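Visitor: I'd like to ask you about the structure that follows.
The values are calculated or read from the model by the stated rules, or taken from the named source; none is laboratory data. As the structure is a computational prediction, the values presented were derived from the model and not from experiment. Positions of Cβ are backbone-derived with ideal geometry, glycine not excepted, and every protein chain shown enters the neighbour counts. SASA here: full protein model, heavy atoms, side chains in, ligands and nucleic acids out. Shrake-Rupley method; radii C 1.70, N 1.55, O 1.52, S 1.80 Å.
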Amino acid sequence: MLKIQSIWEANGNIRDFAGVTPILHSQALQSDLGLQLFLKAENLQTTNSFKIRGASNCIVKQLRSTPNLQGVVTASSGNHGQAVAYVANRLGIPATIIMPETAPKAKVQAVSRWGANVEFCGTTSQQRLARSSEVALEKGYVEIPPYDHYDVIAGQGTIGKEILEQVPDVDIVAVPIGGGGLISGIATLIKNLRPKVQVIGVEPESSNSMSVSVNNGEITQLEKTHSAADGLLTLKPGSLTFPLVKKYVDKIVLVKEREILDAISTCVQYFKTVPEPSGAVTIAAALKGNWAKDMKVVAVVSGGNFDMEKLPGFLCPQF
Ligand SMILES: *Cc1c(COP(=O)(O)O)cnc(C)c1O
């Protein structure tokens, strides 16, 4: 299991890369909707998602134990790929990001910006994971997984520390769930320090592998997933994250696609900041959940990366 000490160490390791993101509050929203909602704005983080925390902790630790590290590789092309590319570039080590042949240009550009080598491989995540292991062997690179690694989970857990410091009287922390690294780190920290604070996970209805697995009592693979929340499309929970979620997370709530898009426009209206769909699921859950009434809720807004041509559809779903 993950030790709380690893999260304190991560907090020291990541500070050259990750900032302390602000907590946003809207008096108008509180007045209009009667909700005490606070946003932990990881959409304003370096590379615009929390993934920089786990990626930098993992890479810094690898470099410390292997000073002549040849490079890093990951099969993940979204926010995690960007974070790995950024950290490697800052540390002056090579990075290879394996992407599907169908990757949108914006994603290729986002990692190329940080000097990473992009390699295209197949269309399925299995093909890319296999290629990532091959590159690791061929070039002597280390693989940096997006969630199922304790150093990655510990890095994400640093958000929990910041939330307890920034909102000391928080009642509930709401966290998006993809593979479960983000919530595992945050829940481990919060439940060890302040067990009375509730940690609530949020998944899209049509990509709910963690809640299905928790209900079944074992890791369960979905046949398919779909959601505008493209950072949450995971077919099954991680083998390290699943036990942590089972142990520490109070409940998991599901949100509909329409609720996710409405949450983006509500967020822009009241908080004047734009989350990506994966980051808006927590706002969607708080807006509809009666669990949020009379509670001080911190919603983790996990990221803010999206293709600009999608913006009109986010803001006016009928557009
Ligand atoms: C990766 C990601 C998530 C999900 O994180 P997990 O650790 O896989 O649960 C949520 N939101 C955004 C923006 C992400 O990039």
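Visitor: Where the centroid of each part is defined by its Cα atoms, how far is the range 129-181 from the range 22-38 in Å?
Guide: 28
Visitor: Take every Cα-Cα pair in the range 192-260 and report what % of them are more than 13 Å apart.
Guide: In whole percent, the long-distance tail amounts to 64.
Visitor: Please get the size of the charge dipole for the range 39-151, origin at its Cα centre, with Cβ charges of +1 on Lys and Arg and -1 on Asp and Glu, quoted in debye to the nearest 20. The partial results should precede the final answer.
Guide: Working: 12 positive and 8 negative charges, 75 e Å.
My answer is approximately 360 debye.
Visitor: While we're looking at this one, here's another question. Taking amide H atoms as placed 1.01 Å from N in the peptide plane, list the residues 5 or more away in sequence, or in a different chain, whose amide H sits under 5 Å from that of residue 76.
Guide: Those qualifying (amide H under 5 Å, at least 5 residues apart or on another chain) are 98.
Visitor: By average Cβ neighbour count within 10 Å, what is the ranking of 284-294, 175-185, 83-93, 21-31 from highest down?
Guide: Put in order of decreasing packing, that is 175-185, 83-93, 284-294, 21-31.
Visitor: Can you pull the one-decimal nm distance between simple spin-label points at residue 66 and residue 169, each 7 Å off the Cα toward Cβ?
Guide: The two pseudo-label positions are separated by 4.9 nm.
Visitor: A further question on this structure: Bin all alpha-carbon pair distances of the range 83-235 at 10 Å intervals from 0 and give each bin's fraction as a whole percent.
Guide: Histogramming the range 83-235 at 10 Å steps yields 10, 30, 35, 20, 4, 0 percent.
Visitor: Expressed in whole Å with the largest first, what are the equivalent ellipsoid semi-axes of the range 20-75 derived from the C-alpha gyration tensor as the square root of 5 times each eigenvalue?
Guide: 39, 10, 7
Visitor: Let me ask you something else. Between 308, 210, 295, where does the largest GNM mean-square fluctuation fall for the chain, given springs only between Cα atoms within less than 10 Å?
Guide: The residue that fluctuates most here is 308.
Visitor: Another question, if that's okay. Quick one: if you take sqrt(5λ) for each eigenvalue of the C-alpha gyration tensor of the chain, what semi-axes come out, biggest first, whole angstrom? It would help to have the intermediate numbers written out before the result.
Guide: Numbers: eigenvalues 173, 94, 71 Å².
Taking √(5λ) for each Cα gyration eigenvalue gives 29, 22, 19 Å.
Visitor: Now a separate question. Can you give me the % of accessible surface on the chain that is carbon or sulfur? Probe 1.4 Å, all protein chains present, nothing else counted.
Guide: Ligands and nucleic acids excluded, carbon and sulfur give 51 percent.
Visitor: Viscosity 1.567 mPa s, temperature 4 °C: give me the Stokes-Einstein translational D for the range 51-143 in µm²/s, with Rh taken as the Kirkwood radius over C-alpha pairs.
Guide: It diffuses with D of about 101 µm²/s by this estimate.
Visitor: I need the trypsin sites (Lys or Arg not before Pro) found in the range 97-183, filtered to DSSP loop residues with at most 15 other beta carbons within 10 Å of theirs.
Guide: 113
Visitor: So what's the net charge close to residue 4: Lys and Arg +1, Asp and Glu -1, counting the other residues with Cβ under 14 Å from its Cβ?
Guide: +4
Visitor: Beyond 23 Å, what share of the Cα-Cα pairs of the range 195-319 is found? Please give it as a whole percent.
Guide: Percentage above 23 Å: 33.
Visitor: Over the chain, what is the relative contact order in whole percent, taking alpha-carbon pairs under 8 Å and six or more residues apart?
Guide: Numbers: 683 pairs, mean separation 67.3, N = 319.
Result for the chain is 21 percent.
Visitor: If you don't mind, another one. Assuming 1.567 mPa s and 4 °C, estimate D for the range 167-222 with Stokes-Einstein, Rh taken as the Kirkwood radius over Cα pairs, in µm²/s. Provide the component values of the computation, followed by the final result.
Guide: Values: Rh = 12.2 Å.
In µm²/s, the coefficient is 106.
Visitor: Divide by every residue of the chain the summed helix terms, -39500 (n - 2.57) for each DSSP H run of at least 4, and state the resulting mean residue ellipticity at 222 nm, rounded to the nearest 500 deg cm²/dmol.
Guide: Helix contribution divided over all residues of the chain: -14000 deg cm²/dmol.
Visitor: Leaving out ligands and nucleic acids, and using a 1.4 Å probe, what accessible area per residue does the range 51-143 come to in Å²?
Guide: Here the residues of the range 51-143 average 45 Å² of exposed surface.
Visitor: Sticking with this one: Using a 10 angstrom Cβ neighbour count of at most 16 plus a DSSP loop assignment to flag exposed GluC sites (Glu not before Pro), which longest range of the chain is free of such sites?
Guide: With GluC sites (Glu not before Pro) excluded where exposed in loops, the chain gives 102-204 as its longest stretch.
Visitor: Okay, next question. For a quick check of your reading of the filter: which trypsin sites (Lys or Arg not before Pro) in the range 211-270 sit in a DSSP loop and have no more than 11 other Cβ atoms within 10 Å?
Guide: Those satisfying the criteria are 224.
Visitor: While we're looking at this one, here's another question. Considering amide H positions built from the backbone, and no H for Pro or chain starts, which residues 5 or more places from residue 95, or on another chain, come under 5 Å of its amide H?
Guide: Counting only residues 5 or more places away or on other chains, the set is 72, 117.
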